[in-house]
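Here it is, the structure, as structure tokens.
The values are calculated or read from the model by the stated rules, or taken from the named source; none is laboratory data. Model, not experiment: these values are computed from the prediction. Reconstructed Cβ throughout: ideal geometry from the backbone, glycine too, with neighbour counts over all protein chains shown. Heavy atoms of the whole protein, side chains included, go into the accessibility calculation; ligands, DNA and RNA do not. Shrake-Rupley method; radii C 1.70, N 1.55, O 1.52, S 1.80 Å.
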Amino acid sequence: MERGGRRRSEAEEAEKGRMKRTIIKDWKTRLSYFLQNSSNSTKMKSKKVGKHRTYFRPSPEEAQLWSEAFDELLANKYGLAAFRAFLKSEFCEENIEFWLACEDFKKTKSPQKLTSKAKKIYNDFIEKEAPKEINIDFQTKNMIAQNIQEATHTCFSAAQKRVYSLMENNSYPRFLESEFYQELCKKTPITGAAQGT
């Protein structure tokens, strides 16, 4: 009887190990997809400028910096891609997409582009039944609807602050606890071959 129980628990442990490896592999695949896409668009832009930048996996020390402040994570290209992949796995990537769209919107110089970008952001993220509708209150939605008629750089500020706060207080702590992030922070052990023994 005891052997059967031991075999079952060993089988369960083996299954958990396989699932863990599958999840980590899935994370790595998603992240490399995001990094490849972001670096492809960067390569296209950089060819015009004459610069070529490649993004590498961060060192464990660099990844650990992301846990010090949410802004540290967002400021790092790899960190941002990792966080986006994490949000996608939780089916709430619209939050980071909205935040990034607002960051881009604030950099817009032309008044005509400002108006067209404001309408696109509103249609994609704010209006009822929008394809990537974010979770904000009715009053903020109404304020934005009025403000985009004569778009200014601040017409999404209140909503962007709410979404930032939501990500910082909910998604960010879960990201830091995720196996994928923990894996990035692990120092790879130095093998005997690497030491020359």
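Please find, among L114, L80, L65, the residue that is open to solvent by less than 40 Å² (accessible area, probe 1.4 Å) and more than 30 Å from Q149 (Cβ to Cβ).
So the residue among L114, L80, L65 that is open to solvent by less than 40 Å² (accessible area, probe 1.4 Å) and more than 30 Å from Q149 (Cβ to Cβ) is L80.
Please count how many residues of segment 134-189 are of a type in the set (D, E), modelled with pLDDT under 95 and either under 30 Å from K109 (Cβ atoms) or in a helix (DSSP H, G or I) (or both).
Total satisfying the criteria: 3.
Do the conditions hold for E103, that is, is it touching a Leu at 6+ places or on another chain (Cβ under 7 Å), closer than 22 Å to S157 by Cα, surrounded by 10 or more Cβ atoms within 10 Å (Cβ to Cβ) and modelled with pLDDT of 70 or more?
No, not satisfied.
For segment 172-195, check the following and say yes or no: at least one residue is crowded, with 19+ Cβ neighbours inside 10 Å, farther than 25 Å from S59 by Cα and among the aromatic types (F, W, Y).
no
Counting just the residues of segment 86-101 that are assigned to a helix (DSSP H, G or I) and free of Cβ contacts under 8 Å to residues at least 60 places away in the same chain, which one comes out farthest from A145 (Cα to Cα)?
Restricting to residues being assigned to a helix (DSSP H, G or I) and free of Cβ contacts under 8 Å to residues at least 60 places away in the same chain, the top hit is K88.
Quick test of your reading of the structure: D124 fulfils all but one of (1) surrounded by 15 or more Cβ atoms within 10 Å (Cβ to Cβ); (2) out of contact with any Cys (no Cβ under 9 Å at 6 or more places or on another chain); (3) modelled with pLDDT under 95. Name the failing condition by number.
(3) is the only condition that D124 fails.
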